[in-house]
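**Q** Got a structure for you, questions after.
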Amino acid sequence: MTVQYPKKLPMHIDGEWLEAGSRDTHAVINPATGETIAELPLATKDDLDRALDASERGFAEWRARDVNERGAILRKVAENLRERAKDIAPLLTMEQGKPLREAMGEILGSAGLFEWFAEEAKRSYGRVLVRPPGQRSVVLGQPVGPVAAFSPWNFPLFLMARKLAPALAAGCSIICKPPEETPACAVALMQCVIDAGVPGNAAQLVFGVPDIVSSHLIASPIIRKVSFTGSVPVGKHLIKLCADTVKRHTMELGGHAPVLIFDDCDLDRTLDIIQPQKFRNAGQVCVSPTRFYVQSGIYDQFVEEFTKRTEAMQVGSGLDDASQMGPLANIRRPDAIDQLVSDARDKGARVTTGGKRMGNEGFFFRPTVLADVPLEAQIMNNEPFGPVAMMRPFDTFDEAIEQANRLPFGLAAFAFTENGRQANRLGDMIEAGMVGINTVGISGVDTPFGGMKQSGYGSEDAIEGLEAYLVTKAVHQA
Ligand code: NAD
């Protein structure tokens, strides 16, 4: 398949599409080949100041629009995305690596977000308090103000949409800073937004050196809300920056999802569900199942069958229809995975399949299964964010819960059991923002998505996703 990847990728500031000109640039690399495919402009401080000024004007203009009109425009964004999905998907695959059908799913899922928030915008109800006759006290949910949104490269279109759609639905203006590694789908999404009728100063797009952009935008009094999806260390850094101007923020940080597999599970069904899920997007998913704790009675059988299915996977360019898994998204990832796997092996883990890079070009890593992984291995403590499943046996329910809750993260967790009472207890006792029991379907437009502990705070999607862009005000009248 030949894909025409755009050679020039613009930012969108104050309604103007801006190419590199004399600005510094960043090379965009195809992770399947390692080749440079485009140059991306990096915002200067003047660009950022212009975007800030525009976002203040954009907020005044956009919040004044009737909520039904805002909703209609967001529905049009969804239509644009659906119409253009076939053209955008190959760009996403080429810059990020994931198989084409996953890229299509990501775009259609993003359209679903715009549809949900187009409707939800009308339901940002306040409430009326009981007061003596002649008096009124009302509680209002008002748009918080201009937003700075930082999204990562693993779902570059969906995770930008997850901030853009609710912010616009609430009546906020927004400056998006998507990742520099995967810019073309971000440009395509912004084009869908602008073509739908959102004013060019209410929705803006900048690229840049991440720390320069985030420190500049977050320090500005114009920005009233920060939303970040990414790693725990960067999240902590941004929380500190937010403290200086007491800015509201939503933090979707990393996880290290435990998977508790009990002797009484339906083994074939469990494998059918969990094995492909592990290697979706080459494991570069914040809710990816990572730490597999398998009850002793079925441990050997589970490891063997999971390994057999993993060995049979087709790995190759995401543009190739046969590929079930593409390359890792950037040059940092194979190095990081290599280091974690070597450390685990040195500490006694058994590599039952994979464990090394693939081919001479691009950033491919073989789907990997590690068995009998000691708890002190780095990979059992640091999020791998790659195509590695780590397995350990356990004996009792209490031991499984202790392991599931052992780390300072709490984003997603999964469990497989046919015992209803045990399932209820798991739902109650696992410390994670999202728990899937006999399912990996933990995310949806109507479902709050967010973590506990160091995985962050605040929810995206659902009713909570809109509330994140509203500020509460009580007005009393006598
Ligand atoms: P990283 O920590 O350097 O960056 C993570 C993300 O934050 C990237 O998108 C990056 O562009 C952005 N970023 C980095 N510094 C920033 C700053 N000062 N201001 C604003 N944004 C900034 O790591 P990486 O090598 O890009 O990714 C690897 C790790 O990131 C993974 O191990 C994983 O834990 C985490 N990650 C998590 C998610 C998620 O969905 N929660 C997504 C991508 C990456």
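Each value in this text was obtained by applying a stated rule to the coordinates, not by laboratory testing. Every value quoted in this text rests on a predicted model; they were computed, and no experiment measured them. Virtual Cβ from ideal backbone geometry, glycine too; neighbours counted across all protein chains shown.
**Q** Can you work out ³J(HN,Hα) from phi for every residue in the stretch 87-101, in order, using Karplus 6.51 cos²θ - 1.76 cosθ + 1.60 and θ = phi - 60°, giving whole Hz and x for Gly and Pro?
**A** Values per residue, Gly and Pro as x: 7, 7, 4, x, 5, 4, 5, 5, 8, 10, x, 5, x, 3, 5 Hz.
**Q** Read phi for every residue in the stretch 201-214 and hand back ³J(HN,Hα) as whole Hz from Karplus 6.51 cos²θ - 1.76 cosθ + 1.60, θ = phi - 60°, with x for Gly and Pro.
**A** These are the phi-based 3J(HN,Hα) values: 9, 8, 10, 10, 9, 10, 10, x, 6, x, 5, 5, 5, 5 Hz.
**Q** Please list, ordered by chain and number, the residues whose modelled amide H lies under 5 Å from the amide H of PHE207; skip anything fewer than 5 residues away on the same chain.
**A** Placed amide hydrogens put ALA43 under 5 Å from PHE207.
**Q** Now, a different point. Any aspartates and glutamates with Cα under 16 Å of the LYS347 Cα? List them, leaving off those in the same chain fewer than 8 positions away.
**A** Straight-line reach from LYS347, under 16 Å: ASP338, ASP372, GLU376.
**Q** Using a 10 Å cut-off on Cβ atoms, rank the peptides 255-266, 461-472, 65-76 from the highest mean neighbour count down.
**A** Details: 255-266: 22.8, 461-472: 19.6, 65-76: 16.7.
By packing density, highest mean first, the sequence is 255-266, 461-472, 65-76.
**Q** Non-local amide H neighbours of PHE394 (under 5 Å, H modeled in plane, Pro and chain starts lacking H): which ones?
**A** Here VAL294, GLN295, SER296 satisfy the definition.
**Q** What is the set of long-range amide H partners of LEU470 at a cut-off below 5 Å, with H atoms built 1.01 Å from backbone N?
**A** Result for LEU470 returns VAL144.
**Q** Could I ask something else about it? Any idea how far the Cα center of the stretch 111-181 sits from the one of the stretch 1-73, in Å?
**A** Centre-to-centre (Cα) distance: 21 Å.
**Q** If you don't mind, another one. Which value in deg cm²/dmol, rounded to the nearest 500, describes the helix-derived mean residue ellipticity at 222 nm for the chain, given -39,500 (n - 2.57) per DSSP H run of n ≥ 4 and division by the residue count? Please list the in-between numbers first.
**A** Details: 13 runs with 187 residues, N = 478.
Dividing the helical sum by the residues of the chain leaves -12500 deg cm²/dmol.
**Q** My understanding is that a pair violates if its Cα-Cα distance is over 20 Å; which of LYS8/LYS98; LYS45/LYS236; LYS177/LYS453; LYS163/LYS225 do that in this structure? Mind showing how you got there, number by number?
**A** On the way: LYS8/LYS98 22 Å; LYS45/LYS236 23 Å; LYS177/LYS453 25 Å; LYS163/LYS225 11 Å.
Distance filter (> 20 Å) returns LYS8/LYS98; LYS45/LYS236; LYS177/LYS453.
**Q** Karplus couplings for the stretch 5-16 from phi (6.51 cos²θ - 1.76 cosθ + 1.60, θ = phi - 60°), rounded to Hz, Gly and Pro as x?
**A** Result, ordered by residue: 7, x, 6, 10, 10, x, 8, 10, 10, 6, x, 10 Hz.
**Q** Just want to confirm a number: the relative contact order over the stretch 158-280, from Cα pairs under 8 angstrom separated by 6+ residues, in percent.
**A** Numbers: 95 pairs, mean separation 22.5, N = 123.
Reported relative contact order: 18 percent.
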